[in-house]
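The values are calculated or read from the model by the stated rules, or taken from the named source; none is laboratory data. As the structure is a computational prediction, the values presented were derived from the model and not from experiment. Here the Cβ positions follow ideal geometry from the backbone for every residue, glycine too, while neighbour counts run over all protein chains shown. Calculation scope for accessible area: heavy atoms of the full protein, side chains included, ligands and nucleic acids excluded. Shrake-Rupley method; radii C 1.70, N 1.55, O 1.52, S 1.80 Å.
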Amino acid sequence: VLLTNLTAAQVPAAAFGDLYHQRGHIEEAFKRLKHRLHLEAVSGLSQQAFLVDVAAKVLADNIASLACLAVQADPKMPALRRCQRTHAGVVVQRLLPRVLLAVGDVLGMIGSALTLIAKTLHRITPGRSTPRAANRIKPHARFVYKG
């Protein structure tokens, strides 16, 4: 409603496009939390268990995001390569207990995790999108057995 009441002079198309692209990153974060981190599958039945589960999964996703930013900040990284957030999440998930408990060489483990994440970069092709084919259905994990 707000955008439809404004004139084109008040909101340039470029500003609207920037807002839309920022929303896309937020939608990707929700998708990652919901599907890849299984946010809807909680380990306890109480409200406290639910809150702890959600907080832990959001924290793990944020740490994976920071790991990706650290990998992408390397000046030797190719320009059109990006970090695979799902893979970074898996690496962080396996590393986090040992780091939090300070088991072994923590700094060495973090360095080797960043090196592992940097080996699995994916190439970005500007202006190219590849939507899933209409005849290819990817069901949620909980619906697979109901086929």
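Computed from label points 7 Å out along Cα-Cβ, the spacing between ARG23 and HIS122 is 2.3 nm. With a Förster radius of 22 Å applied to the beta-carbon distance between HIS35 and GLN93, the computed FRET efficiency rounds to 0.90. The GluC sites (Glu not before Pro) of region 1-107 that DSSP puts in a loop, and whose beta carbon has at most 15 other beta carbons within 10 Å, are GLU40.
Please state the shape class of region 1-113: rounded when a/c is under 1.5, otherwise prolate if a/b exceeds b/c and oblate if not, all from the C-alpha gyration tensor. It comes out oblate by the Cα gyration axes. Under 17 Å of direct C-alpha separation, and excluding same-chain neighbours fewer than eight residues apart, LYS34 reaches these aspartates and glutamates: ASP53, ASP61. Placing pseudo-labels 7 Å out from each Cα toward the beta carbon at VAL42 and ALA60 gives an inter-label distance of 1.6 nm. Residues whose amide H lies under 5 Å from that of ARG81, counting only those 5 or more places away or on a different chain, are ILE124; hydrogens are built 1.01 Å from N in the peptide plane.
Separation of region 106-127 from region 45-78 is 15 Å, based on Cα centroids.
Relative contact order for region 39-122: what percent, with Cα pairs under 8 Å and sequence separation of 6 or more? Show your work: numbers first, answer last.
Numbers: 64 pairs, mean separation 24.7, N = 84.
Taking the mean separation of contacting Cα pairs over the length of region 39-122, I get 29 percent.
Taking ARG128, ARG36, ARG94 as the candidate residues, the one with maximal mean-square fluctuation in a Gaussian network model of the chain, Cα springs under 10 Å, is ARG128.
For the chain, the Cβ-based charge dipole about the Cα centre amounts to some 700 debye (Lys, Arg positive; Asp, Glu negative; other atoms uncharged).
For the residues HIS87, HIS21, HIS35, a GNM of the chain with alpha-carbon springs under 10 Å puts the largest fluctuation on HIS21.
Within the listed set LEU101, LEU80, LEU116, the Gaussian network model of the chain (springs between alpha-carbon atoms below 10 Å) gives the highest mean-square fluctuation for LEU101.
Applying 1/(1 + (r/R0)^6) with R0 = 35 Å to the Cβ-Cβ distance of LEU51 and ASN5 gives a FRET efficiency near 0.35. Taking all protein chains in place and a 1.4 Å probe, what share, in percent, of the accessible surface of the chain do carbon and sulfur account for? Of all accessible area on the chain, carbon and sulfur atoms account for 62 percent.
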